[in-house]
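A short worksheet on the structure shown next.
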Amino acid sequence: MVDPPRVILTVEESYSTDPKCGYVRIHQKAIDTLELRAGDAITVKPEDQQPRSGFAIRRLPWFKEGIICIPEAIRDRLNVSVGDTVTVAHEKYSLTPESLDDEIL
């Protein structure tokens with residue numbers, strides 16, 4: 001099995017509307033590197049901690065590369081602060097309806 005691509009990103013504050021939506025934002029270049037599509041999930045691994053899976057992503061609409069915007073509630077759950085670095089990888093599954101078991105729906 002081949003390991004998924006990974007990127008190392010610096011944590012920054014989220015957009016004011018993001019906490020209500022529960023997703024994180026990363027730059028389009030990182031999305032391309034991770035080979036992500038709409039509906040895909042990511043794993044976020046803070047330094048010296050276990051990885052956490054299942055975060056939905058949105059593209060950052062501006063030019064700043066190398067960051068991940070994470071709402072405060074998710075930062076608390078990950079035990080990270082603004083300025084920390086995290087490793088982000090593409091989950092090995094997609095959270096699209098086609099990928100879910102029919103019995104679950």
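Points worth noting:
- Scoring THR17 on the criteria (1) at negative phi; (2) at pLDDT below 80; (3) surrounded by 13 or more Cβ atoms within 10 Å (Cβ to Cβ) leaves a single failure, condition (3).
- Residue check for VAL82: touching an Asp or Glu at 6+ places or on another chain (Cβ under 7 Å), modelled with pLDDT of 80 or more, surrounded by fewer than 17 Cβ atoms within 10 Å (Cβ to Cβ) and of a type in the set (A, V, I, L, M): yes
- Selection of first residues in the range 51-76 that are in a loop (DSSP other than H, G, I, E, B) and of second residues that are polar (S, T, N, Q), restricted to Cβ pairs under 7 Å at least 6 apart or on distinct chains, gives the following pairs, ordered by first then second residue: PRO51/THR43; GLY66/THR10; ILE70/SER14; PRO71/SER14.
- The residues of the range 25-50 that are part of a strand (DSSP E or B) and either polar (S, T, N, Q) or modelled with pLDDT of 85 or more (or both), listed by number, are ARG25, ILE26, ILE42, THR43, VAL44, LYS45, PRO46.
- Check on ALA56, surrounded by 14 or more Cβ atoms within 10 Å (Cβ to Cβ) and modelled with pLDDT under 90: yes
The values are calculated or read from the model by the stated rules, or taken from the named source; none is laboratory data. Model, not experiment: these values are computed from the prediction. Here the Cβ is made from the backbone with ideal geometry for all residues, glycine too, and neighbour counts use every protein chain on show.
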